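All remarks here apply to the structure that follows.
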Amino acid sequence: MQALLQRLILDHKNLTRLLEVLERQLDDFHVGQEHDLDLLYELMDYVESYEDQVHHPAEDLIFTRFKEITDEKRVAVETLEDQHRILADMTRKFRNSLQAIIHEGVVLRHEVEAQGRAMLKMLRQHMDLEEGEVFGLIGERLDAADWVALEAQAPKVNDPIFGNPDPARFRALFRHFTQAPDLRHL
């Protein structure tokens, strides 16, 4: 499997870990238990700065090339491209709602939770569609020259959580991962 495609699949595995954290925080938020707004905000900052600015643009490059060489799974690929835009908007809105709460703005609790859960659901469905229907076929159809060109064009930013860690920027996330026994292997 090509290195770029492997990186994207690894990104999905890492994001899945973060989505589990998000889901637990939303569960706590729902029942009024202690939840960590800083952790939620940093998680959304990560999704917005890495997933939406690095991961999804790399996928979009691959999808564009794939559509140039075949019509296979075109509806699925175009759905994924549309979802990238929708997810970026959902992420921004949810992060803004969290920021409003942090700054003691008036935000309805059930609306914030609904935003988070909708984003969580769409991200999971999105990754399932990519890995279940599209990535395998892309791996088969693109040739070595395609991958060389795509690697040259793809964003080169290291993952600030799982790649080249930035514990100063993502302080709450790193604290969470070092304190949570099931997640210490970050």
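From the set of residues in the range 8-40 that are out of contact with any Asp or Glu (no Cβ under 9 Å at 6 or more places or on another chain) and more than 19 Å from Phe174 (Cα to Cα), which is surrounded by the most Cβ atoms within 10 Å (Cβ to Cβ)?
This residue is Asp27.
How many residues, within the range 70-85, are surrounded by 12 or more Cβ atoms within 10 Å (Cβ to Cβ) and in a helix (DSSP H, G or I)?
Qualifying residue count for the region: 10.
Residues in the range 86-112 that are surrounded by 12 or more Cβ atoms within 10 Å (Cβ to Cβ), at pLDDT below 90 and of a type in the set (Gly, Ala, Ser): how many?
Residues in the range 86-112 being surrounded by 12 or more Cβ atoms within 10 Å (Cβ to Cβ), at pLDDT below 90 and of a type in the set (Gly, Ala, Ser): 1 in total.
Report whether or not Glu133 is part of a helix (DSSP H, G or I), at pLDDT 95 or above and of a type in the set (D, E, K, R).
Yes; evaluated as a whole, the condition is true for this residue.
Matching residues to (1) free of Cβ contacts under 8 Å to residues at least 24 places away in the same chain; (2) farther than 24 Å from Leu5 by Cβ; (3) among the small types (Gly, Ala, Ser):
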site	(1), (2), (3)
Arg124	no, no, no
Ile138	no, no, no
Asp146	no, no, no
Glu151	no, no, no
Ala154	no, no, yes
Pro167	yes, yes, no
Gln179	yes, yes, no
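The values are calculated or read from the model by the stated rules, or taken from the named source; none is laboratory data. In this text the structure is predicted, and so the values were computed from the model without any measurement. Quick reminder, even Gly has a Cβ in these numbers, built from the backbone with ideal geometry, and neighbours come from all protein chains shown.
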